[in-house]
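The values are calculated or read from the model by the stated rules, or taken from the named source; none is laboratory data. No experiment lies behind these values; they were computed from the predicted model shown. So basically every Cβ, Gly included, is an ideal-geometry build from the backbone, and we count neighbours across all protein chains shown. The area values use the complete protein model at the heavy-atom level, side chains included, leaving out ligands, DNA and RNA. Shrake-Rupley method; radii C 1.70, N 1.55, O 1.52, S 1.80 Å.
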Amino acid sequence: MPTPHISAPEGAFAPTVLLPGDPLRAKWIAESFLDAAELVTEVRNVFGYTGTWNGNPVSVMGTGMGVPSISIYATELITHYGCERLIRVGSCGALVESVGMRDIVIGAGASTDSAVNRTRFAGYDFAAIADWSLLRSTVAAAERGTASVHVGNILTSDLFYSPNGADMTTTAAGMGVLAVEMEAAGLYGVAAEHGAAALAICTVSDHLVHHEVLSTDDRQQSFSDMVEIALAGAFS
Ligand code: HPA
């Protein structure tokens, strides 16, 4: 049975789902990494595919940008389609000198200015954390390769264009937060609420200290390296 935002029939998704923000990245991942990938949903042009990777069933679906958008798709994937492991593969902005362009940042936890986790946690501060098993296997997969990998706290921000952006990123960096993006805390909150496992892996596409931005080619290459790590981590 479809949901308001996903038209796939029951059973169309694999237990493990990769979640890029951009639906066209989902298409690219399906075509570049999966065998026998089939399009299972395209409501609002948010494409979802299911195929296999090294014989393991896996799905990939776009989430759109921001906490509300990823929260809708993650909730429906878990509660309607029985998905068990949701892995965001995205981009982030580095907040500290020690994190470089093209590096990979894995969110052990996600701080946020979004109210969603307080709302679901009776007004208290919920520690939005990654699934330990996925985190461990993904860090191990990353360390087998050549990419520079950082594991720690990331900041999930509701405002890409913020009037207090500089204050917030300085405060976050001062507390050891490695990078900023816009979805992880929402994903971790949804997963906690519904008993699923979640992880956010991001490549650094821009640097808020050095004010650098990746070229389109570098962005594609580092995204590809990250997808390899995400799949190797999920199925090791
Ligand atoms: N801010 C928020 N989200 C992002 C950024 C950023 O600088 N870069 C990539 N995703």
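Please calculate the 1.4 Å probe accessible area of Ile129, with all protein chains present, and give it to the nearest 10 Å².
In the full protein context, Ile129 sits at about 110 Å².
Can you compute the modelled spin-label distance between Leu24 and Tyr161, with each label point 7 Å from Cα toward Cβ, in nm?
2.1
Let me have the 222 nm mean residue ellipticity of the chain computed from DSSP H runs of 4+ only, each contributing -39500 (n - 2.57), with the sum over all residues rounded to the nearest 500. Mind dumping the intermediate values first?
On the way: 7 runs with 82 residues, N = 236.
Helices in the chain give a 222 nm mean residue ellipticity of -10500 deg cm²/dmol.
So who's got an amide H within less than 5 Å of the one on Ala198, skipping anything under 5 residues away but keeping other chains? H placed 1.01 Å off N, in plane.
So Ala198 has HN proximity to Leu86, Asp131.
Only bridges whose two residues both fall in the range 1-121 count here: according to DSSP, what percent of them are antiparallel, nearest 5?
Numbers: 10 of 16 bridges.
So the antiparallel bridges amount to about 60 percent of the total.
Top to bottom by accessible area (1.4 Å), largest first, where do Trp28, Trp53 land? Could the numbers behind the result be given before it?
Numbers: Trp28 60, Trp53 40 Å².
From most exposed to least exposed: Trp28, Trp53.
When all protein chains stay in place, what accessible area (Å², nearest 10, 1.4 Å probe) is found for Arg219?
80
In the chain, which Cys residues have no partner Cys with a Cβ closer than 4.7 Å?
Among the cysteines of the chain, those whose Cβ sits 4.7 Å or more from every other are Cys83.
If the only charges are +1 at each Lys and Arg Cβ and -1 at each Asp and Glu Cβ, what is the size of the charge dipole of the range 102-223 around the Cα centre, to the nearest 20 debye? The partial results should precede the final answer.
Details: 6 positive and 14 negative charges, 66 e Å.
Here the size comes out at about 320 debye.
Identify which of Thr112, Thr203, Thr170 has the largest mean-square fluctuation in a Gaussian network model of the chain, with springs joining Cα atoms closer than 10 Å.
Looking only at Thr112, Thr203, Thr170, the largest GNM fluctuation is found for Thr170.
Looking only at Phe223, Phe33, Phe121, which one moves most when the chain is put into a Gaussian network model with springs between Cα atoms under 10 Å?
Phe121
Quick one: grab the alpha carbon gyration tensor of the range 126-231, order the square roots of its eigenvalues as a ≥ b ≥ c, and give me rounded if a/c is under 1.5, else prolate or oblate depending on whether a/b is larger than b/c. Provide the component values of the computation, followed by the final result.
Working: a/c = 1.83, a/b = 1.09, b/c = 1.68.
Judged from the Cα gyration tensor, the range 126-231 comes out oblate (a/c at least 1.5, b/c at or above a/b).
As a test, work out the antiparallel percent of DSSP beta bridges whose residues both lie in the chain, rounded to the nearest 5. Can you show the working numbers first?
Details: 18 of 45 bridges.
Here the antiparallel bridges make up roughly 40 percent for the chain.
Sort out for me the Cα centre separation of the range 186-236 from the range 164-181, rounded to whole Å.
18
Under a 5 Å amide H to amide H cut-off, with H placed in plane at 1.01 Å, what residues pair with Ala8 once short-range neighbours are removed?
Thr3
Of Asp125, Asp131, which has the most accessible area and how do the rest follow, probe 1.4 Å? Show your work: numbers first, answer last.
Numbers: Asp125 115, Asp131 50 Å².
Listed by decreasing accessible area, they come as Asp125, Asp131.
Rounded to whole Å, give me the distance from the Cα center of the range 7-46 to that of the range 96-119.
Answer, in whole Å: 25.
On a 0 to 90 degree scale, rounded to 10, what angle separates helix 67-79 from the longest Cα axis of the chain?
Relative to the chain, helix 67-79 is tipped by roughly 30 degrees.
Can you list the HN-Hα couplings for the range 99-113, worked out from phi with the Karplus curve (6.51, -1.76, 1.60; θ = phi - 60°), rounded to whole Hz and with x for Gly and Pro?
Once θ is set to phi - 60°, the couplings for the range 99-113 become 9, x, 4, 6, 5, 10, 10, 10, x, 5, x, 10, 7, 7, 9 Hz.
Name the residue from Gly55, Gly93, Cys83 whose Cα lies farthest towards the positive end of the charge dipole of the range 50-200, charges +1 on Cβ of Lys and Arg and -1 on Cβ of Asp and Glu.
Gly55
Mind running the shape call on the range 1-160? Use the C-alpha gyration tensor, a ≥ b ≥ c as the square roots of the eigenvalues: rounded below 1.5 for a/c, prolate if a/b tops b/c, oblate otherwise. List each step's numbers first, then the result.
On the way: a/c = 1.75, a/b = 1.20, b/c = 1.46.
Judged from the Cα gyration tensor, the range 1-160 comes out oblate (a/c at least 1.5, b/c at or above a/b).
Rounded if a/c is under 1.5, else prolate if a/b is larger than b/c, else oblate: which is the range 170-236, with a ≥ b ≥ c the root eigenvalues of its Cα gyration tensor? Before the final figure, lay out the partial values.
Working: a/c = 2.59, a/b = 1.19, b/c = 2.18.
Taking the square roots of the gyration eigenvalues as a ≥ b ≥ c, the range 170-236 is oblate.
Specify the angular offset, from 0 to 90 degrees and rounded to the nearest 10, of the alpha carbon long axis of helix 216-234 from the longest principal axis of the alpha carbons in the chain.
60
Cα axis of helix 184-194 to longest principal axis of the chain: angle in degrees, 0 to 90, nearest 10?
50
Under a point-charge model restricted to the Cβ atoms of Lys and Arg (+1) and Asp and Glu (-1), what is the dipole moment magnitude of the range 188-236 relative to its Cα centre, in debye to the nearest 20?
On the way: 1 positive and 7 negative charges, 34 e Å.
With only Lys, Arg, Asp and Glu charged at Cβ, the dipole is about 160 debye.
Quick one: Karplus J couplings for the range 139-149, per residue in order, coefficients 6.51, -1.76, 1.60, θ = phi - 60°, nearest Hz, x for Gly and Pro?
Computed from phi, the couplings for the range 139-149 are 5, 4, 4, 5, 6, 6, x, 9, 5, 7, 10 Hz.
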